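For reference, the structure discussed in these notes is given below.
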Amino acid sequence: MSGHSTYLPQSGFAKWLEARLPIFSFVHGSFVAYPSPRNLNYWWTFGGILSLMLVVQLLTGIVLVMHYTPHADMAFKSVEALMRDVNYGWLLRYLHSNGASMFFVAVYIHMFRGLYYGSYKAPREVLWILGVIIYLLMMATGFLGYTLPWGQMSYWGATVITNFFSAFPFIGEPLVTWLWGGYAIGNPTLQRFFSLHYLLPFVIVGAVVLHVWALHVVGQNNPAGVEPRTAKDTVPFTPHAVTKDAVGMSLFLLFYCWFVFYTPNFLGHADNYIPANPGVTPAHIVPEWYYLPFYAILRAIPNKLMGVIALFASIGILAFLPWLDTSKVRSARYRPIYRQLFWIFVAVCLGLGWLGAKPAEGGYVLAARVLTIYYFAHFLIIMPLVGKLEKTRPLPNSISEDILGRKTVAAMLVAFAVFAAGLVGFAAPASAAGEHGAPVPPSLSWSFAGPFGKFDKAQLQRGFKIYKEVCAGCHGLGYVAFRNLAEPGGPGYSEAQAAAVAAEYNIKDGPNDAGDMFERPGRLADAFPSPFPNDNAARAANGGALPPDLSIIAKARTYERGFPWFLIDIVTQYQEQGPNYVTALLQGYEDAPGDFNLPAGANYNKYFPGHAIGMPQPLSDGQVTYEDGSPQTLEQYAKDVTAFLMWTAEPHLEARKRLGLQVMIFLLVLSGLLYFTKKRVWASAH
Amino acid sequence: MTTTMSSAEPTRRDFLYVATGAVAAVGTAAALWPFVSQMNPDASTVAAGVPIEVDLAPITEGQAIKVFWRGKPIFISHRSKKEIEAAQQVDARSLPDPQTDAQRVKEGHDQWLVVIGICTHLGCIPIAHQGEYDGFFCPCHGSVYDTSGRIRSGPAPANLAVPPYEFLSDSKVRIG
């Protein structure tokens, strides 16, 4: 990878190996003695951060595969089983799902850094194009991975994205059928997506190796954009760049772990906790936040084929950047006009992302069209023209002349926070609530909210009583086992009490030796049985409406919090939209307004999307007897049963927050130590 | 981090480097633990591994049945008088894995042999009522067990293991 090696083997073995496989001198030349420009700022640590994230995704992904079942009938259940039963399964999955988002946060920062400092310009064109290829591979991998849990968003996201290919004339339809392995998305699609999701990360690894190779041939760019001339312009990669990268990685891990431990579902969609249903599309089908700008471009074009072409062109155009930018100067620092245009371009990308999450109607579409035109104009018109017309500022003669005294750390932290908040902000969960004029459920205070949140055991026990006496008549709790009632972090029953609860239920078992199915009392290992033998029976008994399983309902429902709350929620860790909605729904029954056309057999609920709900008001004052003196009111019932359902949805919530605190403290200490180590290492270099 | 440390006396710089390296190493080790721990049986597997009850009434003399507990086959053999005598008459001290028949069955229930049906050689399932001693014979590598499930010849190093079990009544056992 380089010709910089000054490595001299010392031991006999090292000399023997060096003559046969010069791997030590290779590592030494590429990662130890490798000269790194001494004026690199912290934006340059994102290359290392991306390598770290790639490793994290590979490790967690390989482990998830050990527990995942790639089958349309079992995938969703296997993911739930992973979250509930596997040791640290919830942690590994949240690391992987949030890790994908963090990978994209880091790659976007890495790309914008390249744009700002002109890192794509000669002689780094191939390096840049390899980066674009890696980015495309990441997008494909992220999309394939998101389909695997086989929830509603998985299924419909896969449907929408694969339908891109149906836009091509003549070959479109057969091409899509070929991609699906059927006449619709189904089990064959899931299995091939799983296979490819496992394959592509290793292709990414290969592309990253080429990327790093190209980097080590041409050398790193730097904020001044002038090439190193003398030895005084560079420092050895180890320890200088290594310690600096380590500081960046540690701070990035802090950011990452905040999401993993405190707001693990913020960047996902509540709808993906509903199992895939080929018969119903979610009200708002939105891709993951990292695709939103491109999704906005797709929807801005009124023609199907042209929309798809524009989408791919918006990414593909990046590969031509080295030739579209005509400026002789690399760094935007010395390009006063381009620098402003750069920030406008960043704002346009963020704006497109915001529009991608909005419904495709009215002013949103118009705005998306304007920004789409600007997006392409930035590359096709602005960059070639500005490069020729702009009067650049004088460049420093050398890197050592350029340096220092630049206190960029604090400014970078602020910029990073703003940038990251802007990126993740697109994730504002879109839900049907609020869109049909439904009132927003009131924000309640929950004992399990916030960094130190814990379930109130007495409340969970009361909530369980309500489930058992009221909800269980129609709703199953299929992902919850009786043994869970006695597990730590739950309602705090003893094992004997949980076994007694289990024995109250009849479980279908068999076949016995005679080949007959039979019923027996439940055991701790059994899951709560569904009140109906199958979905059709449940529909038939409930006027055509299917009472959903309640195991994960508290995570599968949400409503839009709106700007700026969805950003503030990241900081305050307010993640209780699901419980708020469930509580509000139980209390939201009222008489339909005169002009509302209520279908026969339906009931009016002001919080239910569309208001016509099949379920009649399930709870009312005094219906369930409490032994602990709590008020026997609808309001109390609603809160108690919701708290219980939050526990069934996230049984390891307490363990997650407890471990999160330990991880946060550890990473703060580590970041501090690394920072001072880095300062000491660099002290001699300045 | 091993760059310019040359002074013999520990300095503040050394301490900082060592402390940083140690904290980072501890963190890495701790972060690896979930990746190790997830390989252990999950909670549903553990919960499903509870004891099972088996009704012995349908098993006739001379018959051996196979039931499963924790995914392992358990042989329950209703031994005939001849089989019991053959098992008891052997001098235990002469065996590769010395055990008397009384040590391998429950007192007063001599006719019931309950063993884990996994050859102690390399895990194959032996076949009942086969082999030189009419006990169990493992077709994989030729280990021969007697009517008490004790290894008599072949490569297996130990007798067939006896699982934890107890008689709830004369015709019912709980295994596990």
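Taking the stated definitions as given, is residue A:204 in contact (Cβ under 8 Å) with a residue 24 or more places away in the chain and assigned to a helix (DSSP H, G or I)? For residue A:204, the condition - in contact (Cβ under 8 Å) with a residue 24 or more places away in the chain and assigned to a helix (DSSP H, G or I) - is met. On inspection, residue B:131 qualifies as free of Cβ contacts under 8 Å to residues at least 24 places away in the same chain, surrounded by 18 or more Cβ atoms within 10 Å (Cβ to Cβ) and in the same structural domain as residue B:161 (by TED's automatic domain parsing). Applying the condition of being within 14 Å of chain B (Cβ to nearest Cβ) and of a type in the set (A, V, I, L, M, F, W, C) to segment A:200-239 and asking which residue is surrounded by the fewest Cβ atoms within 10 Å (Cβ to Cβ) yields A:237. If the condition is being buried (at least 17 other Cβ atoms within 10 Å of the Cβ) and of a type in the set (Lys, Arg), then segment A:310-343 contributes A:330, A:333, A:335.
One line per residue, one yes/no per condition, for (1) within 14 Å of chain B (Cβ to nearest Cβ); (2) within 17 Å of the chain's Cα centre (by Cα); (3) surrounded by 20 or more Cβ atoms within 10 Å (Cβ to Cβ); (4) not aromatic (Phe, Trp, Tyr):
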| position | (1), (2), (3), (4) |
| --- | --- |
| A:58 | yes, yes, no, yes |
| A:79 | yes, yes, yes, yes |
| A:91 | yes, yes, yes, yes |
| A:97 | no, yes, yes, yes |
| A:103 | no, yes, yes, no |
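Among helices (runs of 4 or more DSSP H) entirely within segment A:1-73, having at least 2 residues that are under 30 Å from residue A:86 (Cβ atoms) and not β-branched (Val, Ile, Thr) singles out A:46-65. Return the residues of segment A:472-493 that are away from chain B (no Cβ under 11 Å), of a type in the set (A, V, I, L, M) and not in a loop (DSSP other than H, G, I, E, B); say none if nothing qualifies. If the condition is that a residue be away from chain B (no Cβ under 11 Å), of a type in the set (A, V, I, L, M) and not in a loop (DSSP other than H, G, I, E, B), then A:472, A:485 are the ones that fit. Going through segment A:657-677 one residue at a time, which ones are closer than 18 Å to residue B:19 by Cβ, more than 9 Å from every other protein chain (Cβ to nearest Cβ) and either surrounded by 15 or more Cβ atoms within 10 Å (Cβ to Cβ) or under 24 Å from the mean Cα position of the chain (by Cα) (or both)? Matches in segment A:657-677: A:665, A:668, A:671, A:675. Annotation: of all residues in segment A:60-77 being within 13 Å of chain B (Cβ to nearest Cβ) and hydrophobic (A, V, I, L, M, F, W, C), the one that is farthest from residue A:525 (Cα to Cα) is A:62.
Within segment B:36-51, residues that are at the interface with chain A (Cβ under 7 Å from one of its Cβ atoms) and without any contact (Cβ under 8 Å) to a residue 60 or more places away in the chain reach partners that are exposed (fewer than 14 other Cβ atoms within 10 Å of the Cβ) and not small (Gly, Ala, Ser) with beta carbons closer than 8 Å, at six or more positions or on different chains, in the pairs B:38/A:66.
Let's see how each residue does on (1) more than 21 Å from residue A:646 (Cα to Cα); (2) in contact with a Pro (Cβ under 8 Å, 6 or more places away or on another chain):
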{"site": "A:459", "(1), (2)": "no, no"}
{"site": "A:465", "(1), (2)": "no, no"}
{"site": "A:468", "(1), (2)": "no, no"}
{"site": "A:474", "(1), (2)": "no, yes"}
{"site": "A:489", "(1), (2)": "no, yes"}
{"site": "A:516", "(1), (2)": "yes, no"}
{"site": "A:521", "(1), (2)": "yes, no"}
{"site": "A:534", "(1), (2)": "yes, no"}
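Test residue A:545 against the stated conditions and say whether it is within 14 Å of chain B (Cβ to nearest Cβ), outside any helix (DSSP H, G or I) and under 26 Å from residue A:150 (Cα atoms). So residue A:545 fails the test.
Within segment A:623-634, is there a residue that is away from chain B (no Cβ under 14 Å), surrounded by 21 or more Cβ atoms within 10 Å (Cβ to Cβ) and acidic (Asp, Glu)? Walk me through how you get there before you give the answer.
Taking segment A:623-634 first, the residues away from chain B (no Cβ under 14 Å) are A:623-634.
Narrowing further to those that are surrounded by 21 or more Cβ atoms within 10 Å (Cβ to Cβ): none.
No: segment A:623-634 contains no residue that is away from chain B (no Cβ under 14 Å), surrounded by 21 or more Cβ atoms within 10 Å (Cβ to Cβ) and acidic (Asp, Glu).
For beta carbons closer than 8 Å, sequence separation of 6+ or different chains, a first residue in segment B:54-69 that is at negative phi and touching a residue at least 40 places away in the same chain (Cβ under 8 Å) and a second that is polar (S, T, N, Q) and surrounded by 14 or more Cβ atoms within 10 Å (Cβ to Cβ), the qualifying pairs are B:61/B:80; B:61/B:111; B:64/B:77.
With respect to the conditions (1) among the hydroxyl-bearing types (Ser, Thr, Tyr); (2) assigned to a loop (DSSP other than H, G, I, E, B); (3) closer than 24 Å to residue A:465 by Cα, residue A:583 falls short on a single one, namely (2).
Screening A:177, A:189 for residues that are surrounded by 17 or more Cβ atoms within 10 Å (Cβ to Cβ) and either among the hydroxyl-bearing types (Ser, Thr, Tyr) or in a loop (DSSP other than H, G, I, E, B) (or both) leaves exactly one candidate, A:189.
This table checks each residue for (1) at pLDDT below 95; (2) in a helix (DSSP H, G or I); (3) under 21 Å from residue A:330 (Cβ atoms).
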residue	(1), (2), (3)
A:200	no, yes, no
A:214	no, yes, yes
A:229	yes, no, yes
A:232	yes, yes, yes
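Can you find a residue that is in a loop (DSSP other than H, G, I, E, B), of a type in the set (Val, Ile, Thr), farther than 25 Å from residue A:372 by Cβ and under 21 Å from the mean Cα position of the chain (by Cα) anywhere in segment A:262-279? Looking for residues that are in a loop (DSSP other than H, G, I, E, B), of a type in the set (Val, Ile, Thr), farther than 25 Å from residue A:372 by Cβ and under 21 Å from the mean Cα position of the chain (by Cα), one finds at least one in segment A:262-279, hence yes.
Can you pull out the residues in segment A:91-142 that are among the hydrophobic types (A, V, I, L, M, F, W, C) and under 26 Å from residue B:32 (Cβ atoms)? Residues satisfying the conditions are A:91, A:92, A:95, A:100, A:102, A:103, A:104, A:105, A:106, A:107, A:138. Going residue by residue through segment A:517-531, is there one that turns out to be part of a helix (DSSP H, G or I) and under 29 Å from residue B:50 (Cα atoms)? No. Of the residues examined, residue A:594 is not one that is loosely packed, with under 14 Cβ neighbours inside 10 Å and at positive phi.
The values are calculated or read from the model by the stated rules, or taken from the named source; none is laboratory data. In this text the structure is predicted, and so the values were computed from the model without any measurement. Neighbour counts are summed over all protein chains in view; Cβ atoms, including those assigned to glycine, are modelled from backbone coordinates with ideal geometry.
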